[in-house]
1. Express as a percent, rounded to the nearest 5, the fraction of DSSP beta bridges in region 157-279 (both residues included) that run antiparallel.
2. Give me a comma-separated list of calculated 3J(HN,Hα) values for region 289-303, in order, Karplus coefficients 6.51, -1.76, 1.60 applied at θ = phi - 60°, integers in Hz, x for any Gly or Pro.
3. When all protein chains stay in place, what accessible area (Å², nearest 10, 1.4 Å probe) is found for TRP326?
4. Output the Kirkwood hydrodynamic radius of region 364-476, Cα pairs only, in Å rounded to one decimal.
5. So for the chain, averaging the separation of alpha carbon pairs under 8 Å that are six or more residues apart and normalising by length, what relative contact order in percent results?
6. Sorted by accessible area (1.4 Å probe), largest first, how do THR61, THR360 line up?
7. Pairs of Cα atoms under 8 Å, at least six residues apart: use those to get the relative contact order of region 157-279, whole percent.
8. What translational diffusion coefficient, to the nearest whole µm²/s, does region 182-321 have by Stokes-Einstein, given a Kirkwood radius computed over alpha-carbon pairs, a temperature of 4 °C and 1.567 mPa s viscosity?
Amino acid sequence: MARTTRHDADLLVIGGGAAGLTAAAGAARLGARVVLAEREPALGGDCLHHGCVPSKTLLATARARQAMRRAAFFGLPAPELEPVDFAAVARRIREVQAVIQRHDAPERFASLGVDVRFGPARFCDEHTVDIGGRRVSAARILVATGSSPQLPPLPGLDSVPFLTNREVFSQDTLPASLLVLGGGPMACEMAQAFARLGTQVTMVLRGPRILPRDDADMAGVVHAALATDGVRVLAGATVKMLRQWRDADGEGVEADLEVPLGEGRGPLVVRAQRLLAALGRTPETAGLDLAAAGVATGKHGGIVVDGRMRTSQGHIFAAGDVTGDWQFTHAAGHEAGVVVANAVLRLSRKADYTRMPWCTFTDPELASVGCNERMAAERGLPVDVHVEPFSANDRALAEGAPEGRLKLVLRKGGGKVLGVQAVGPHAGEVLNEWVAVLGGGVRLSALAGAVHPYPTLGEISARAAGNVVSRVLFSGGVRRVLRLLFGYRG
Ligand SMILES: Cc1cc2nc3c(=O)[nH]c(=O)nc-3n(C[C@H](O)[C@H](O)[C@H](O)COP(=O)(O)OP(=O)(O)OC[C@H]3O[C@@H](n4cnc5c(N)ncnc54)[C@H](O)[C@@H]3O)c2cc1C
C-alpha cells in the first residue's frame with residue numbers, strides 16, 4: 001500500500017449496504033486505510049432497512065397466520081382469528097431489524113479500522129469524493145450505492161399515491177385491498193404476505209406469467225399457491241390509466257386495465273385501497289456526478305464493469321445493485337469480495353455467476369442454481385430433465401406441504417448436472433446442498449450414496465441423484481452384461 005500514501009485512503013467505499021460493508025470490512029482486515037461513506041443515518045442498506053430482512057420477517061408473520069387458518073387440517077380446533085393489527089406486525093419487523101442493525105453498527109466497523117462517515121458522496125474528480133461537504137482522496141474507490149424502485153412512465157402513476165419497498169413495511173394499518181404492479185420476486189412475496197394477512201390482493205403484470213427468470217412449470221407452482229391464497233393474478237395486462245378514488249367507503253387507487261389473457265380478459269377496472277409498485281430496480285447513481293470521475297454507465301443506468309468489477313476508470317470499481325445485473329445480497333457480497341481481491345490484494349480475480357443461486361421466498365419457495373430449462377433453450381443447449389416430486393418425500397407429507405418438486409437440468413445424454421431448481425417447502429434450504437455439490441464438483445453418485453437423516457426434506461436431493469445415477473446404471477446395457485455374467489432372467 002506504500003504507493004497510495006499521498007491519498008487520504010487506500011480504498012474509499014461509497015455506500016454502506018451489502019456490497020460496501022463487505023468490501024470495507026475485508027479491506028480494513030487486510031490493513032488498508034478505508035473510508036466508508038453512507039448517506040443514510042444508519043448502515044445496512046436496502047437489504048436490512050427496506051428489502052430482504054423486512055420482507056422475510058413479514059412473510060414469517062404471514063406464514064404463522066396461514067398455519068392458524070389451517071388448524072383444522074392439522075387436527076386442531078379452529079382458533080378465533082382477530083383482524084391483523086399491522087402496526088404490531090411492523091413493530092416486530094423493526095425489532096428484527098434492530099437486532100441485525102447491531103452487526104452493522106458503525107462502531108463495529110470503526111473497531112475493524114474503517115473510518116465511517118455519514119453524508120451523501122459525490123465525485124469531484126477521479127480520485128476525490130465530497131462526503132457531506134468534506135473532501136476525501138483515495139487511491140481506489142468502490143461505488144456500491146445500490147438501487148431504487150424502478151418507476152416506468154405508466155399513465156397516471158405520477159399523480160396517484162403509491163407504496164414502494166421503502167414504505168410498505170411501515171404502514172399503520174393493514175390495507176383492505178392492495179393492487180400490486182409487477183410479477184417478480186418482490187411482487188409475489190408481498191402479494192402472498194398481504195393476502196395471508198387478510199388483504200384482498202390483485203397482481204397486475206405486463207408479462208405473460210409471474211417470475212419470468214424461472215422455468216414456467218416451477219413458477220406455475222407458485223402461481224397456483226398465490227391463487228389458493230386468494231391472490232388474483234392478471235397477466236399480460238396493460239395499465240391504461242391510474243387514478244385516485246375517494247367516496248364514503250374510503251379512498252385509494254383505481255386502474256383501467258386491458259387484460260388479454262385468462263381471468264378478467266378484456267377491459268377491466270380494478271379498485272384498491274393501496275397501490276404497491278414492485279416493477280423492478282434502477283441502479284442508484286443520482287447525485288454521484290459520475291461524469292466528474294469519467295465513470296461510464298450503460299443502457300439501463302447501471303455502472304458498466306468488466307469481469308473484475310472495474311469501471312471505465314481502472315482504479316474505480318463498482319459492485320452490487322448499482323451494476324444492474326444480479327440484484328441479490330449474496331451477489332453483492334460475492335462482487336465485493338472480488339473488488340477486495342483486485343483493489344487491495346492487486347490480484348486479477350473475476351466475478352463468477354455460473355452458479356449464482358436465487359430464491360423467491362413465497363410459500364412454497366422457488367430456488368434455483370445454474371442453468372434452468374429456459375436458459376438452456378435460449379442457448380440452444382440440448383438437455384435432459386429429471387423431476388422428483390415433494391409428494392414422495394415423507395417429511396413434506398408430515399409437514400402438510402407436499403406441493404412442488406426438485407428439477408435437475410442435465411447435459412443431454414451425459415448426466416452432468418447443469419442446474420437445479422426446487423419449488424416446495426423450504427426450497428431455498430434444500431437448494432443449498434446443490435450449491436455445494438455443483439460448486440465442489442461432487443459426483444452425483446457421492447450425493448446419492450451420502451446418508452441423509454430421515455425424515456428430512458433434503459432427502460429429495462439424494463433420491464433425485466440416486467434416480468439419475470441408477471437410470472444410467474440400470475440401463476439395458478448393464479442388465480444385458482449382468483444377464484451374461486450371472487444368468488439373471490428377471
Ligand atoms: C423488497 C426487497 C426484498 C429483497 N429480498 C431479497 C432477498 O430475499 N435476498 C436477496 O439476496 N436479495 C434481496 N433483495 C435485494 C437486495 O436487497 C439487494 O440486492 C442488496 O441490498 C444490494 O446491496 P447493495 O450493497 O448493492 O445496495 P444497498 O444494500 O442498497 O446499499 C447501498 C447503500 O448506498 C447508499 N448510498 C446510495 N447513494 C449514496 C451516495 N451518493 N452517498 C453515500 N451513500 C449512498 C444507500 O443509502 C445504501 O445504504 C431484496 C430487495 C428488495 C427491494
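The values are calculated or read from the model by the stated rules, or taken from the named source; none is laboratory data. Bear in mind that the values here come from a model prediction, so they are computed numbers and not experimental data. Cβ coordinates were reconstructed from backbone atoms using ideal geometry, including for glycine residues, and neighbour counts include every protein chain displayed. Note: areas computed on protein heavy atoms with side chains; ligands, DNA, RNA excluded. Shrake-Rupley method; radii C 1.70, N 1.55, O 1.52, S 1.80 Å.
1. Numbers: 16 of 29 bridges.
Antiparallel bridges make up about 55 percent of those DSSP assigns within region 157-279.
2. Per residue, the Karplus-derived 3J(HN,Hα) values read 6, 4, 4, 5, 9, x, 9, 8, 10, x, 4, 9, x, x, 6 Hz.
3. Number for this one is 50 Å².
4. Working: mean 1/r = 0.0709 Å⁻¹.
So the Kirkwood estimate lands at 14.1 Å.
5. 14 percent
6. Values: THR61 35, THR360 0 Å².
Ranked list, largest accessible area first: THR61, THR360.
7. Numbers: 250 pairs, mean separation 40.3, N = 123.
With pairs under 8 Å counted, the relative contact order is 33 percent.
8. 73 µm²/s
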